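Novice: Sharing a structure, written as structure tokens. Questions coming.
The values are calculated or read from the model by the stated rules, or taken from the named source; none is laboratory data. Not measured: the values here are computed from a predicted model. For neighbour counting, all protein chains shown are included, and Cβ atoms are generated from backbone atoms with ideal geometry for every residue, glycine included.
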């Protein structure tokens with residue numbers, strides 16, 4: 001029974017390869033978010049948690065979010081209706097399996113708005129699940145350069 005689900009789901013996903021499958025709403029990254037992340041990660045570097053010093057001494061002219069905070073947010077930003085992976089019959093859950101590649105080309109200044117977009121690059125059966133690779137691009141409102149480009153690997157369990 002599960003193999004039937006896998007085959008049909010894989011066919012649906014193959015139709016989406018090369019297409020945008022997710023796009024989020026804009027989300028404000030606040031100093032409170034950055035401070036909470038600093039507490040969890042134990043990274044209290046002044047460039048993140050001291051806005052007064054960051055305005056004066058930072059090459060960015062302001063406090064910036066941790067790169068890993070930006071990365072952590074990409075899976076939890078609310079999607080815009082009309083995007084998303086297709087409904088897959090028999091799907092029980094999705095698992096974050098990891099990342100192949102992550103880059104942070106530009107910072108996320110505290111108080112800025114970010115959103116992300118996902119482009120499905122591949123889908124294949126692995127270990128009785130479907131493994132997807134999606135290129136996620138995080139954009140900062142008003143900036144030309146993305147804040148993060150990550151190749152996210154997920155597994156879909158049936």
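Novice: Determine if region 144-154 includes at least one residue that is outside any strand (DSSP E or B) and either crowded, with 22+ Cβ neighbours inside 10 Å or free of Cβ contacts under 8 Å to residues at least 24 places away in the same chain (or both). Spell out how you get there, then give the answer.
Specialist: Taking region 144-154 as the starting set, the residues that turn out to be outside any strand (DSSP E or B) are 144-147.
Still in the list and also either crowded, with 22+ Cβ neighbours inside 10 Å or free of Cβ contacts under 8 Å to residues at least 24 places away in the same chain (or both): 144, 147.
Checked against the condition, which is being outside any strand (DSSP E or B) and either crowded, with 22+ Cβ neighbours inside 10 Å or free of Cβ contacts under 8 Å to residues at least 24 places away in the same chain (or both), region 144-154 yields at least one hit.
Novice: In the list 56, 91, which residue meets the criterion of being touching a residue at least 40 places away in the same chain (Cβ under 8 Å), more than 22 Å from residue 37 (Cα to Cα) and either assigned to a loop (DSSP other than H, G, I, E, B) or over 14 Å from the mean Cα position of the chain (by Cα) (or both)?
Specialist: Numbers: 56 fails: touching a residue at least 40 places away in the same chain (Cβ under 8 Å).
Testing whether each residue is touching a residue at least 40 places away in the same chain (Cβ under 8 Å), more than 22 Å from residue 37 (Cα to Cα) and either assigned to a loop (DSSP other than H, G, I, E, B) or over 14 Å from the mean Cα position of the chain (by Cα) (or both) leaves just 91.
Novice: Among all residue pairs at least 6 apart or on different chains, which show Cβ distances below 6 Å where the first residue, located in region 24-41, is free of Cβ contacts under 8 Å to residues at least 24 places away in the same chain and the second is surrounded by 12 or more Cβ atoms within 10 Å (Cβ to Cβ) and part of a helix (DSSP H, G or I)?
Specialist: Partner pairs satisfying both residue conditions: 35/49.
Novice: Further question: Say whether the condition of being without any contact (Cβ under 8 Å) to a residue 40 or more places away in the chain and either surrounded by 15 or more Cβ atoms within 10 Å (Cβ to Cβ) or outside any strand (DSSP E or B) (or both) is met by at least one residue in region 114-128. Before you say what the answer is, go through the steps one by one.
Specialist: Step one: of region 114-128, the residues without any contact (Cβ under 8 Å) to a residue 40 or more places away in the chain are 126-127.
With the extra rule that they be either surrounded by 15 or more Cβ atoms within 10 Å (Cβ to Cβ) or outside any strand (DSSP E or B) (or both), the set shrinks to 127.
Yes; the residues of region 114-128 include at least one that is without any contact (Cβ under 8 Å) to a residue 40 or more places away in the chain and either surrounded by 15 or more Cβ atoms within 10 Å (Cβ to Cβ) or outside any strand (DSSP E or B) (or both).
Novice: Suppose we filter 44, 48, 25 for residues that are within 19 Å of residue 71 (Cβ to Cβ) and crowded, with 18+ Cβ neighbours inside 10 Å; which single one remains? Spell out the reasoning first.
Specialist: Values: 44 fails: crowded, with 18+ Cβ neighbours inside 10 Å; 25 fails: crowded, with 18+ Cβ neighbours inside 10 Å.
Step by step, each of 44, 48, 25 is checked, and only 48 is within 19 Å of residue 71 (Cβ to Cβ) and crowded, with 18+ Cβ neighbours inside 10 Å.
Novice: Just checking, which of 44, 33 is in contact with a helix residue (DSSP H, G or I) (Cβ under 6 Å, 6 or more places away or on another chain), more than 17 Å from residue 87 (Cβ to Cβ) and modelled with pLDDT of 95 or more? Working first, answer last.
Specialist: Working: 33 fails: in contact with a helix residue (DSSP H, G or I) (Cβ under 6 Å, 6 or more places away or on another chain).
The conditions single out 44.
Novice: May I ask you to verify whether residue 93 is more than 15 Å from residue 138 (Cβ to Cβ) and touching a strand residue (DSSP E or B) at 6+ places or on another chain (Cβ under 6 Å)?
Specialist: Details: more than 15 Å from residue 138 (Cβ to Cβ): yes; touching a strand residue (DSSP E or B) at 6+ places or on another chain (Cβ under 6 Å): yes.
Spelling it out, residue 93 is indeed more than 15 Å from residue 138 (Cβ to Cβ) and touching a strand residue (DSSP E or B) at 6+ places or on another chain (Cβ under 6 Å).
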